[in-house]
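Report on one structure; see the data block that follows.
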Amino acid sequence: MADATWLSQESFDRLSAELERLKTTGRTEIAERIEAARSEGDLRENGGYQAAREEQSKMEGRIQELTYLLENAEVGEAPSSLEAVAPGLVITAKVNDAEKHFLLGSREAAPDLDIDVYPESAPLGSAIMGLKVGDETSYVAPNGKEFTVKVLKIETL
């Protein structure tokens with residue numbers, strides 16, 4: 001799956017529970033707040049109504065994000081082979097002249113870790129997928145700047 005993101009079963013279950021809560025009680029609560037604010041009168045000058053609608057919009061965006069992520073996730077253990085760069089692994093690489101230590105995958109896979117996360121679909125992630133320790137490559141960032149990358153270490157979380 002090209003757009004798949006690796007998630008542990010624990011992360012998948014946590015995100016599924018969040019999605020279910022947002023779709024049920026979250027939507028109900030925001031609808032009640034909107035209705036209560038609507039009953040206060042003129043909607044054009046009603047700050048409570050505007051705030052509730054903005055929160056509703058953010059919540060619906062999160063629902064869409066989670067739905068897509070969960071529908072396109074590869075669920076299971078991180079790859080056990082540390083021979084090549086793959087989603088769910090922690091990579092140490094030299095990017096231009098700076099050493100970076102990061103998780104390749106989704107921030108959702110490790111929200112409590114103090115580590116940078118690069119999606120495998122990002123320019124850096126795409127450039128290093130499948131590389132082995134010692135391999136070098138380069139890629140062009142969206143801003144047009146070229147980066148050289150050398151994989152120094154591959155490890156599990």
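Please treat every number below as a calculation from the coordinates, not as lab data. Everything numeric in this text was worked out from a predicted model, so none of it was measured. Glycine gets a Cβ as well: all are built from the backbone with ideal geometry, and neighbour counts include every protein chain shown.
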**OP:** Report the local net charge at E54: Lys and Arg +1, Asp and Glu -1, summed over other residues whose C-beta lies under 12 Å from its C-beta.
**Re:** +1
Original post:
Could you give the length gained on full extension between E99 and R14, defined as 0.36 nm per residue of separation minus the Cα-Cα distance, in nm?
Top reply: 27.4 nm
Original post:
In straight Cα distance, which lysines are under 27 Å from K58, not counting same-chain residues fewer than 8 positions off?
Top reply: K23
**OP:** Just tell me the longest site-free run in the chain, where the sites are GluC sites (Glu not before Pro) in a DSSP loop having at most 14 other beta-carbon atoms within 10 Å.
**Re:** 84-157
**OP:** Report, ordered by chain and residue number, the lysines lying within cross-link reach of K94, taken as a straight Cα distance under 20 Å and ignoring same-chain residues fewer than 8 apart.
**Re:** K132, K145, K150, K153
